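The values are calculated or read from the model by the stated rules, or taken from the named source; none is laboratory data. Here the structure is a predicted model, which is why all the values come from computation and not from measurement. We place every Cβ from the backbone using ideal geometry, glycine too, and count neighbours over all the protein chains shown. Calculation scope for accessible area: heavy atoms of the full protein, side chains included, ligands and nucleic acids excluded. Shrake-Rupley method; radii C 1.70, N 1.55, O 1.52, S 1.80 Å.
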Amino acid sequence: HFILYRLTPLHIAILSNEKAGKGKALQCAHAISEILSLKGIKHKIYSDIWPADFSAHYDIWIAGGDGTLHFFINHYPDIRKPLAIFPCGTGNDFAYEMYGRVSIQQQVERILSAPVKLVDAIQCNDRICINAAGIGFDGQILKDMDLIRYIGSHAGYLLAVLKNIFSFREYRFAIQSEVFSADEKFLLVMINNTKKTGGGFLVAPIANLNDGLLDVLLVEPIGIGKRLLNLSKIKSGTHYGLPFVKHFQCTSISISASKPLFTHLDGELVCNDYFEFEVMKNKFNFRF
């Protein structure tokens with residue numbers, strides 16, 4: 001699953017979302033451009049208009065957050081070019097999963113010497129997501145997107161969580177997979193490809209982005225006191241083993257809700273009452 005990095009100069013496409021990270025993404029794209037120019041590597045920045053295809057480029061580097069990456073993979077679902085994502089948005093969990101928290105200079109250096117690795121994605125109804133999906137509670141949190149964007153990813157997300165801890169009521173879900181089935185109320189229903197979501201919450205601590213499996217987290221109904229008491233455990237990834245937490249891995253799962261619920265796919269909000277999730281093994285190529 002590895003492809004050696006080309007030794008000849010590359011023509012790299014740098015994609016930027018002007019709105020991502022309150023303008024931080026475009027600044028990041030120009031910073032990347034300066035580094036590549038000093039190295040004599042050919043590249044071009046695309047901000048407001050992206051190419052219909054990338055035949056003129058060897059690599060595609062995306063300056064933005066999880067939402068920008070979500071937009072990209074759904075508009076170019078069959079892309080096979082090597083990709084990279086720089087954490088310049090409101091939510092950057094996927095980029096941090098691959099590169100950690102490093103400077104732009106350090107990340108560029110790492111990507112230029114990195115092999116290409118195959119990465120899984122998640123098919124959800126007619127869309128693709130790559131980091132995580134959250135139905136019900138987590139979707140309602142993302143409904144408060146203005147708060148999250150204004151304050152910042154982690155602090156804003158935490159405030160939205162606290163707000164919904166007091167107000168959100170559980171819904172009934174009919175869940176069916178090859179390893180687990182249920183028809184009962186749940187507070188939290190999450191499908192994960194990577195370990196973190198929500199600006200750093202370690203929701204799925206054993207998830208692996210190229211193991212061919214979905215990591216499913218279910219939280220049964222609990223009172224407000226228990227919600228507050230265990231919030232830090234979900235943040236730190238120590239919630240597995242709690243009596244009201246169910247975790248399992250599968251390759252596909254169908255989820256039917258008792259009513260249409262707000263749901264996030266990589267931080268992008270949708271509303272539906274039925275979801276079919278399936279792992280898309282080795283779907284995309286990333287340098288990391």
Any hit, the range 108-121, residues being modelled with pLDDT of 95 or more and under 13 Å from residue 70 (Cα atoms): yes
For residue 126: the one exception among (1) open to solvent by less than 10 Å² (accessible area, probe 1.4 Å); (2) over 19 Å from residue 61 (Cβ atoms): (1)
Near pairs, Cβ below 6 angstrom, 6+ apart or cross-chain, from the range 130-141 (touching a residue at least 40 places away in the same chain (Cβ under 8 Å)) to any residue that is assigned to a helix (DSSP H, G or I) and small (Gly, Ala, Ser): 141/160
Residue count for the range 99-119, restricted to those that are of a type in the set (A, V, I, L, M), open to solvent by 10 Å² or more (accessible area, probe 1.4 Å) and not in a loop (DSSP other than H, G, I, E, B): 3
Qualifying residue in the range 200-221 (condition: outside any strand (DSSP E or B) and over 18 Å from the mean Cα position of the chain (by Cα)): yes
From 76, 96, 46, residue being of a type in the set (Ser, Thr, Tyr), open to solvent by less than 50 Å² (accessible area, probe 1.4 Å), under 21 Å from the mean Cα position of the chain (by Cα) and at pLDDT 95 or above: 76
Residues located in the range 22-48, provided they are within 22 Å of residue 92 (Cα to Cα), out of contact with any Cys (no Cβ under 9 Å at 6 or more places or on another chain) and not aromatic (Phe, Trp, Tyr): 22, 23, 30, 31, 32, 33, 35, 45, 47, 48
Test: residue in the range 81-101 that is without any contact (Cβ under 8 Å) to a residue 60 or more places away in the chain, among the charged types (D, E, K, R) and within 15 Å of residue 199 (Cβ to Cβ): yes
Among the candidates 221, 243, 260, residue that is under 19 Å from residue 191 (Cβ atoms), open to solvent by 30 Å² or more (accessible area, probe 1.4 Å) and not polar (S, T, N, Q): 260
